[in-house]
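**Student:** Quick one: this structure, given as structure tokens, is what I'll be asking you about.
Computed from the coordinates by the stated procedures, all read-outs in this text should not be read as laboratory data. All values derive from a computational prediction rather than experimental measurement. Here Cβ is always computed from backbone atoms with ideal geometry, including for glycine, and neighbour counts include all displayed protein chains.
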Amino acid sequence: MSAELTPEAIKAMRRSYGDAGLHETQIGSDPIAGFKSWLADAAANPVVVEANAMVLSTVDGEQPSSRTVLLKDVSEQGFSFFTNYNSHKGYELSSNPHVSLLFPWYPLERQVIVKGHATKVSSQESDEYFASRPWGSRIGAWASEQSSDLESREVLQDRYAELALKYPEGSEVPRPPHWGGFIVAPATIEFWQGRYSRLHDRIIFTQSKNGWSLRRLNP
């Protein structure tokens, strides 16, 4: 068992950020293009684990909840991910489509926060992406009743084994009707770059009918 950290040790946890800085011209006037550039930087860094991992935050009407999902596409229309529509996040998105996405690229001393409105993607898009997934992931989408109570690990494994026999590897696995994608149309996109003395750089883009506008925020 690992030694327990003292309150003093937790309070003392901090790191000094560098002085890379972030100027408005480094992002340009198109935050989607700027995001793609930062995503490419994160993907090229061997220390970053799953550069497309993002923390999705939703609200169920009473309290917020967050979890990590994987970005699967980004375009001028928005940021896409796929999930079980019957999961907690699926139900929350159905009742309140306003969400936040956080991309935490700690090794690069960077993060991006996207706030926007989520809608389901087309059935065709969900079908196409589901068909591209590894066989095991497609079977898992059928086996897992995501977010519902599970009696034991063995129950899940047995359900997976039964479905693996029904849809053997190499055969077509249809997309479950309760599984598909969402796309988040961004209202704001904030770029954060860590800097010394906590004087971080924050540049936020806001969407309007006239396009994107940007401003700098205090750290």
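**Student:** Taking 10 °C and 1.306 mPa s as the conditions, I'd like the Stokes-Einstein D for the chain in µm²/s, using the Kirkwood hydrodynamic radius from alpha carbon pairs.
**Tutor:** The Stokes-Einstein estimate is 80 µm²/s.
**Student:** Something else about it: Can you compute 3J(HN,Hα) from phi for each residue in the range 66-74, using the Karplus curve 6.51 cos²θ - 1.76 cosθ + 1.60 with θ = phi - 60°, rounded to whole Hz and x for Gly and Pro?
**Tutor:** 9, 7, 8, 10, 10, 5, 10, 6, 9
**Student:** What is the set of long-range amide H partners of residue 73 at a cut-off below 5 Å, with H atoms built 1.01 Å from backbone N?
**Tutor:** Counting only residues 5 or more places away or on other chains, the set is 80.
**Student:** Now for a separate question. Quick check on the range 109-216: take the gyration tensor over C-alpha atoms, sort the square-rooted eigenvalues as a ≥ b ≥ c, and tell me if it's rounded (a/c under 1.5), prolate or oblate.
**Tutor:** Prolate is the answer for the range 109-216, as a/c is 1.5 or above and a/b outweighs b/c.
**Student:** Same structure, new question: Once you mark the trypsin sites (Lys or Arg not before Pro) that are in a DSSP loop and have at most 12 other Cβ atoms within 10 Å, what is the longest gap between them in the chain?
**Tutor:** It works out to 16-208.
**Student:** Hey, can you grab everything whose amide H is under 5 Å from the amide H of residue 195? Only 5+ residues off in sequence or another chain; H modelled, so Pro and N-termini drop out.
**Tutor:** So residue 195 has HN proximity to 200, 201.
**Student:** Please work out whether the range 1-104 counts as rounded, prolate or oblate from its C-alpha gyration tensor, where a ≥ b ≥ c are the square roots of the eigenvalues and a/c under 1.5 means rounded, while otherwise a/b larger than b/c means prolate and anything else oblate?
**Tutor:** Here the range 1-104 falls in the oblate category.
**Student:** Related question: Please list the non-local residues whose amide H lies under 5 Å from the amide H of residue 121, H modeled 1.01 Å from N, same-chain partners needing a gap of 5 or more.
**Tutor:** Residues meeting the criterion, in which the H sits 1.01 Å from N, are 181, 182, 183.
**Student:** Using θ = phi - 60° and the Karplus curve 6.51 cos²θ - 1.76 cosθ + 1.60, what whole-Hz ³J(HN,Hα) does each residue of the range 18-32 get, with Gly and Pro shown as x?
**Tutor:** Using θ = phi - 60°, the values come out as x, 10, 4, x, 9, 9, 3, 5, 6, 8, x, 8, 10, x, 5 Hz.
**Student:** Rounded to the nearest 0.05, what FRET efficiency do residue 96 and residue 185 give with R0 = 25 Å and r taken as the Cβ-Cβ distance? Could you check?
**Tutor:** It comes out at approximately 0.95.
**Student:** Roughly how big is the chain's charge dipole about its Cα centre, with Cβ charges of +1 (Lys, Arg) and -1 (Asp, Glu), in debye to the nearest 20?
**Tutor:** 740 debye
**Student:** If all Cα-Cα distances of the range 48-88 are sorted into 10 Å bins from 0 onward, what percent lands in each bin, rounded to whole numbers?
**Tutor:** Answer for the range 48-88: a P(r) of 23, 51, 24, 2 percent.
**Student:** For the chain, what is the calculated [θ] at 222 nm in deg cm²/dmol (nearest 500), taking -39500 (n - 2.57) for each run of four or more DSSP H residues and dividing by its residue count?
**Tutor:** So the calculated ellipticity at 222 nm is -8500 deg cm²/dmol.
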